[in-house]
Amino acid sequence: MSPTTTPPPGGADATRAALAWTHTARFLTTASRLDQLPAHELPEIAFVGRSNAGKSTAINTLAQQRQLAYASKTPGRTQHINLFEVGPRDAPQALWADLPGYGYAAVARQSKLRWQEVMARYLEIRRNLAGVVQMVDSRHGFTDLDRQLLSFVAPRIGNGEVKLLVLLTKADKLNRKEQAESLRRAQAVLAELSTDEADIGITLFSSLSRLGVGDAAETLQHWASQAVVLPDFVPPPAPADEADDEPAADRP
């Protein structure tokens, strides 16, 4: 499917309902390694973006909460995966995963490489991952690091396992002509990921003017309602005759 800027079907009532849903977001836990993430059966929606692309601000705007996602005064210093529950407290419907910002020069090289590996592994193998929201500064478009991050999850986007929504942040700083050009350039990048199975969306976004906030909230709620978490792969048992031929020491 080609990248689309068309908002999901709905209207004013659907937008209000979606914003009420995103407003339920609440902190669950934090992890510095993948093996510290809790096991569960809910779909996860990951938020990713460069350290100064407005990721934390976008999360807080979608949740209509001022300090849900922590915005460090020093970009790139928040180096944990933070999980937030969304939906009724007694029956949450999804988790948001706020991944560390990437690309900030002041962070030590060793730390950068470690978190690059953690994010790559999360995007490549996390079975609960149902969707990725990538924040891209509308003034600058996709950087090499933005493209690299997309490459980690591109196979799962291509086969439809993981959905993608790109928010072109800080769009209030552009005029109409510049906004249209920013959209055009981003769509050209995303077209490289397009397949018949892919679900890729893109929208201009501004936490200040609230441009795109309702559309993004509707998309996230729709993802949560449609997501199916795939079970871990379990290999079929070996045929009885093959199992009998194995040395006892080699059996599990």
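The values are calculated or read from the model by the stated rules, or taken from the named source; none is laboratory data. On a predicted model such as this, the values are computed, not experimentally measured, just so you know. We place every Cβ from the backbone using ideal geometry, glycine too, and count neighbours over all the protein chains shown.
Computed quantities for the displayed model
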quantity	calculated
Restricting the stretch 117-150 to residues that are under 19 Å from Pro100 (Cβ atoms), touching a helix residue (DSSP H, G or I) at 6+ places or on another chain (Cβ under 9 Å) and polar (S, T, N, Q), the residue that is modelled with the lowest pLDDT	Gln148
The stretch 123-143, residues that are charged (D, E, K, R), under 16 Å from the mean Cα position of the chain (by Cα) and assigned to a loop (DSSP other than H, G, I, E, B)	Arg126, Arg127
Residue count, the stretch 162-185 (criterion: surrounded by 17 or more Cβ atoms within 10 Å (Cβ to Cβ) and either outside any strand (DSSP E or B) or modelled with pLDDT under 95 (or both))	7
Any hit, the stretch 28-39, residues being in a loop (DSSP other than H, G, I, E, B), at pLDDT below 95, among the charged types (D, E, K, R) and surrounded by fewer than 19 Cβ atoms within 10 Å (Cβ to Cβ)	yes
Odd one out for Leu190, checked against (1) at pLDDT 95 or above; (2) over 21 Å from Met119 (Cβ atoms); (3) under 21 Å from the mean Cα position of the chain (by Cα); (4) not small (Gly, Ala, Ser)	(2)
Top-ranked residue in the stretch 1-27 [being among the polar types (S, T, N, Q) and either in a loop (DSSP other than H, G, I, E, B) or in contact with a helix residue (DSSP H, G or I) (Cβ under 8 Å, 6 or more places away or on another chain) (or both); ranked as modelled with the lowest pLDDT]	Thr6
Top-ranked residue of the stretch 42-60 - restricted to ones that are at pLDDT 95 or above and assigned to a loop (DSSP other than H, G, I, E, B), ranked as surrounded by the fewest Cβ atoms within 10 Å (Cβ to Cβ)	Leu42
Close pairs (6 angstrom Cβ cut-off, 6 or more residues apart or separate chains): under 18 Å from Ile202 (Cα atoms) and without any contact (Cβ under 8 Å) to a residue 40 or more places away in the chain in the stretch 136-161, among the acidic types (Asp, Glu) and surrounded by fewer than 17 Cβ atoms within 10 Å (Cβ to Cβ) anywhere	Gly160/Glu197
The stretch 196-214, subset outside any loop (DSSP other than H, G, I, E, B) and either within 10 Å of Leu62 (Cα to Cα) or without any contact (Cβ under 8 Å) to a residue 40 or more places away in the chain (or both), residue farthest from the chain's Cα centre (by Cα)	Gly214
Answer residue from the stretch 76-113, given it is polar (S, T, N, Q) and under 30 Å from Thr24 (Cβ atoms) and is modelled with the highest pLDDT among those	Gln93
